[in-house]
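Remarks on the structure that follows.
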Amino acid sequence: MKSEISSARILKDARDFRVPQQTTDETICQLLHSIDTPRSLAVHLLYKYKEHDQLLDLKIEPDNYLKGQLFRDDYVATNLLSKSVFLKTSFDKKRVAFEKFEEFESLCNHTNRRFQNPSLDPLNNGANVWLLNATKRKIL
C-alpha cells in the first residue's frame, strides 16, 4: 500500500514538472546556434522576437537543396517548434492541425487509389508499373 502511494506521488510529480521558460528559451537558442545555417538563424530571430505566426508558417522544400545534410539541418530548424503549445499565434492551431490532417488523409487516399491499379495511372509507366505491382504482391 505504501509503495503504491509513493509510486502515485512520483508519477504525479513527474506529470506536473515544468521546465522554466528561460531554460526552454536557452535550449532552443543553443540548438539553433549549433545548426548554424541561414535558416536556423532565421528561426532563431523569429523565435527571439516572438514572430510566432511567421515561424510556424515557414516551409522547407527538399528540391531547393543540393546536399542532403544541409536539408536535414534546415528541416530540423524549420520544424523544431512546429508543435509547440507555448507559442503565441493569431490563429487557431488546433483548427490548422485538423485541416492539415484532412489534407494529408486526402492525399493518402488519392495515392492508395492510384496504387490499386498502377497500369491505369498516367503518372506511372514501364518499369514503374512493374515495380509497384511487384511491391504490392510482396505486401499482400
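Assorted remarks:
- Considered as a group, the residues in the stretch 58-116 that are of a type outside the set (S, T, N, Q) and touching a His at 6+ places or on another chain (Cβ under 6 Å) include one that is farthest from V19 (Cα to Cα), and that residue is K88.
- Single condition K50 does not satisfy, out of (1) touching a residue at least 24 places away in the same chain (Cβ under 8 Å); (2) within 16 Å of the chain's Cα centre (by Cα): (2)
- The stretch 1-38: number of residues that are under 21 Å from the mean Cα position of the chain (by Cα) and farther than 25 Å from D92 by Cα: 11
- Entry remark, the stretch 98-125: residues being in a helix (DSSP H, G or I) and surrounded by 12 or more Cβ atoms within 10 Å (Cβ to Cβ) number 3 in total.
- Residue match in the stretch 12-28 (condition: at pLDDT below 95 and aliphatic (A, V, I, L, M)): yes
- Within the span defined as the stretch 27-37, every residue fails to be free of Cβ contacts under 8 Å to residues at least 24 places away in the same chain, surrounded by 13 or more Cβ atoms within 10 Å (Cβ to Cβ) and either within 21 Å of K100 (Cβ to Cβ) or touching a Pro at 6+ places or on another chain (Cβ under 8 Å) (or both).
- Residue that is farthest from L31 (Cα to Cα), among those in the stretch 48-81 that are among the hydroxyl-bearing types (S, T, Y) and surrounded by 12 or more Cβ atoms within 10 Å (Cβ to Cβ): Y65
The values are calculated or read from the model by the stated rules, or taken from the named source; none is laboratory data. Because the structure is predicted, anything quoted here is derived from the model rather than measured. As a convention, Cβ positions derive from the backbone with ideal geometry for all residues, glycine included, and neighbour counts pool all protein chains shown.
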